[in-house]
Amino acid sequence: MTAGVRQEPREATRPRTPRRARLPALLALLVGLAGVAYRLALLLADAPPTNSDEATMGLAALHIARGEDFPVWFYGQAYMGTLEAYLAAPLVALAGPSVLVLRLPTLALYALLLALSWRLTRRLGGDRWFALLVVGFLALGSDRVVKNQLIAGGGYPELNPAGVALALLTVSLCAGVPGARLPRRAAARLPRWAGWGLVSGLLLWADPLILPFVLALGAVLAGWRRRELIGRAGAVLAAGLLLGAAPMLLDSLRHGRDPLAAVLTASGADAAASWGERLHGGLVLGPPLAMGFCSPGHCAPWQLWWAPAFLILLALATAAAWHALRRPLPPADLGHFPFAANDNSPRSGDDPAGATERRVSAGVRLALIAGAAAVLAAYTASSAAGRSPIESARYLSLLAAATPALLWPLWCAARRAGLWPPPAEPPHRPGNDLDAPARPELPGVRQVGELAASDLAGAHQVDEPESIGRGAGGRTRTLVAGVVAVAVLAGMLGTGAVATAGAIGGAPAVHAEADRHRALVDTLGALGVRHVRAGYWTCNRLTFAAGEDVRCAVVDDELRPGFDRLPAYRRAVDADPDAAWVAPAGSPLAARLDARIGPGVGALRMVEVPGWRIYLPRR
């Protein structure tokens with residue numbers, strides 16, 4: 001007679017996550033929901049203010065919903081794909097045209113950004129407290145930031161979620177032994193290769209600003225997975241890339257258009273601006289505006305402290321990632337190898353526990369910093385930075401995707417000095433959840449990924465306090481660095497909160513202006529007006545708000561024809577002898593039209609709406 005021993009399920013032996021570890025995750029969820037709720041409240045208050053460019057994307061969504069047109073590019077130009085229009089088209093078909101309906105997909109993209117940023121921070125080696133800090137920073141929303149995130153004007157709302165998604169996929173694909181084919185897992189990884197290519201292709205079509213991030217993260221993939229890239233994985237990635245970029249590629253082949261040349265022209269590459277103006281707009285105003293440290297429409301002098309801090313952090317984050325990436329692998333120690341799925345034997349070819357994962361994290365952080373630096377450099381070199389820095393700072397919106405890498409040196413310094421909450425759970429290793437089944441923690445494995453400032457020169461594990469600054473001078477320097485890091489983090493959150501409050505304070509005025517515009521649309525409908533002439537920033541906004549019941553042709557302040565993104569509207573207006581004129585009250589166009597008011601035939605009569613004037617021809 002034999003006695004058998006029943007083996008307990010592995011899940012039963014896994015340690016439970018301590019309650020203290022769940023606290024930052026719960027707080028991050030609440031902070032993320034608060035960030036989404038804040039933006040939803042802004043949308044319900046008609047903020048941020050809409051404009052004719054956003055309405056042009058809305059008209060594309062309306063045409064897609066009706067099946068009348070399927071535009072590849074933003075109307076009137078050969079760059080900036082209409083991805084946002086295709087995302088909004090089903091909602092427009094169900095609920096009709098409105099700014100709120102047009103922006104619901106961008107709000108969803110923002111919520112996705114928060115979730116992906118939490119996940120990326122954890123996959124890069126950050127504990128839950130650091131991930132909470134990243135989510136909290138991204139939950140703030142100054143005037144420029146919420147405009148970038150919520151206005152469906154082309155490209156910007158999807159840039160950051162896509163950049164973070166690419167970084168997350170890169171970490172997942174690079175986890176494991178560098179250069180290995182991993183044949184048993186190759187088939188399971190193919191969807192991620194396809195996803196990487198698809199996201200890259202879609203965003204290169206929607207907005208080529210993401211190109212520096214695609215190239216930098218692609219270099220990390222090539223460095224770690226070059227053997228896979230020459231096989232099926234590379235073919236799948238290329239297929240996804242071609243599929244995502246198919247609208248751009250097919251249109252370019254069909255019409256001989258060059259989207260890159262169009263982007264360079266639009267960015268001001270062919271206009272004049274001094275290098276002093278470019279450097280001031282790109283390096284002094286750009287980072288504070290783009291990352292949410294400025295009040296609505298301007299940067300106060302005290303809010304510009306982030307400009308030098310940003311450049312210093314770029315340098316520190318680059319040095320930290322490069323040092324970790326170039327650090328030699330430690331000698332193999334059987335007691336520090338991660339064990340295979342059966343928990344009984346080491347896996348052949350593994351690095352000492354966590355070394356490869358730390359290098360992958362460092363490589364991805366370096367790629368994020370390189371992408372952010374390239375975007376900043378390209379913007380600074382353009383004349384747009386010198387000619388219109390306040391508005392063109394939207395070109396730097398993608399800097400937010402690098403937040404986990406940018407704040408890494410501050411977090412490390414605070415942790416070394418003991419000024420940051422200690423990790424309440426085993427560290428999250430980049431490759432342990434998607435590429436291998438979960439397993440209980442083993443002796444030696446916990447110490448490997450302990451979240452210290454190990455990526456900075458001279459840093460050590462947090463569980464080795466005696467090695468951190470052995471002398472009094474070293475301890476003092478560590479403490480001073482930690483205090484400075486915490487002060488910078490507090491300044492970031494405080495300055496961002498002040499700018500967020502400024503955006504909230506401006507919402508009532510924006511809502512009142514939107515009410516006046518709705519009254520204008522209602523008055524035109526009551527008057528039976530179907531065709532009007534107006535300024536550029538009035539025309540398409542009016543047409544979209546009216547669901548194309550009113551069509552508008554653009555004129556300048558001298559009543560001459562202007563730039564019509566949809567030429568069919570001008571033809572319809574020119575064919576209507578009873579076409580009216582619309583102008584904001586007090587504008588140069590209104591002053592010009594006031595001179596034509598009179599009793600005779602061919603003169604105009606005026607109908608006043610709060611904030612607007614409607615001019616009708618006398619017959």
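The values are calculated or read from the model by the stated rules, or taken from the named source; none is laboratory data. Keep in mind it's a predicted model, so treat the numbers as computed, not measured. No Cβ is skipped: glycine too gets one built from the backbone with ideal geometry, and neighbour counts run over all protein chains shown. In case anyone asks, the SASA skips ligands and DNA or RNA and just uses the protein heavy atoms, side chains included. Shrake-Rupley method; radii C 1.70, N 1.55, O 1.52, S 1.80 Å.
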message = On the principal axes of its Cα set, how long, how wide and how thick is the range 468-619? Give whole Å, largest value first.
response = 93, 29, 28
remark   = The simple spin-label model distance between Asp549 and Trp275, using points 7 Å out along Cα→Cβ, in nm, is 5.7
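Apply the a/c threshold of 1.5 to the C-alpha gyration tensor of the range 69-200 and tell me whether it is rounded, prolate or oblate.
Values: a/c = 2.61, a/b = 1.47, b/c = 1.77.
The shape class here is oblate.
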note = Quick note, the range 74-117: a/c under 1.5 would make it rounded; otherwise a/b > b/c is prolate and the rest oblate (a ≥ b ≥ c, C-alpha gyration tensor); here it is oblate
ask   = Which semi-axis lengths, in whole Å and largest first, follow from the square roots of five times the eigenvalues of the Cα gyration tensor of the range 534-619?
value = 20, 15, 12
Karplus (6.51, -1.76, 1.60) ³J(HN,Hα), θ = phi - 60°, over the range 529-539, in Hz, Gly and Pro reported as x = 7, 10, 9, 9, 10, 7, x, 4, 6, 9, 4
message = Heavy atoms of the protein only, probe of 1.4 Å, neighbouring chains included. What is the accessible area of Glu608 in Å², nearest 10?
response = 120
task = With a Förster radius of 22 Å, plug the Cβ-Cβ distance of Ala319 and Arg475 into 1/(1 + (r/R0)^6) and report the FRET value to the nearest 0.05.
result = 0.50
query = Of the heavy-atom accessible surface of the range 504-550 (probe 1.4 angstrom), what whole percent is carbon and sulfur?
reply = 58
task = Sort 144-150, 196-202, 100-106 for me by packing, meaning the mean count of neighbouring Cβ atoms within 10 Å per residue, highest on top.
result = 144-150, 196-202, 100-106
query = In the full protein assembly as shown, how much of Tyr395 is accessible to a 1.4 Å probe, in Å² to the nearest 10?
reply = 50
query = How much area per residue is accessible in the range 498-619 when the probe is 1.4 Å and only protein heavy atoms are counted (Å²)?
reply = 47
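Taking a 1.4 Å probe, which of Leu407, Leu311 shows the most accessible area, and what order do the others take after it?
Details: Leu407 0, Leu311 70 Å².
So, going from the largest accessible area down, we get Leu311, Leu407.
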note = Counting only residues 5 or more apart in sequence or on a different chain, those whose built amide H sits under 5 Å from that of Val555 are Ala534, Gly535, Tyr536, Gly562
Amide H partners (placed H, <5 Å) of Ala580, local residues excluded = His531, Val532, Arg533
remark   = Result for the range 65-106: accessible area per residue, probe 1.4 angstrom, in square angstrom, of 42
message = Just to check I understand the Karplus step: with θ = phi - 60° and J = 6.51 cos²θ - 1.76 cosθ + 1.60, what whole-Hz values come out for the range 285-293, glycine and proline as x?
response = 8, x, x, x, 5, 5, 9, x, 10
ask   = Quick one: Cα centre-to-centre distance for the range 195-234 and the range 46-118, in angstrom?
value = 26
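Can you give me the % of accessible surface on the range 364-413 that is carbon or sulfur? Probe 1.4 Å, all protein chains present, nothing else counted.
68
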inquiry  = Starting from 0.36 nm per residue, how many nanometres of slack lie between Ala603 and Leu250 once their C-alpha separation is accounted for?
reply    = 122.1 nm
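Sorted by mean Cβ packing within 10 Å, highest first, what order do the peptides 111-117, 385-391 take?
111-117, 385-391
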inquiry  = Amide H of Trp612 versus every other amide H placed in the peptide plane: which residues, excluding those fewer than 5 positions away on the same chain, fall under 5 Å?
reply    = Ala585
note = The distance between the Cα centres of the range 149-164 and the range 520-550, in whole Å, is 28
key: Residues in the range 494-521 that a label on Ala41 would reach, taking backbone N under 13 Å of a point 7 Å out along Cα→Cβ   = 500-508
message = If I take R0 = 41 Å and measure r between the Cβ atoms of Ser98 and Arg326 in this structure, what FRET efficiency does the formula 1/(1 + (r/R0)^6) give, to the nearest 0.05?
response = 0.15
Prolate/oblate/rounded call for the range 35-74, Cα gyration tensor, a/c under 1.5 rounded = prolate
request  = Please calculate the 1.4 Å probe accessible area of His531, with all protein chains present, and give it to the nearest 10 Å².
outcome  = 40
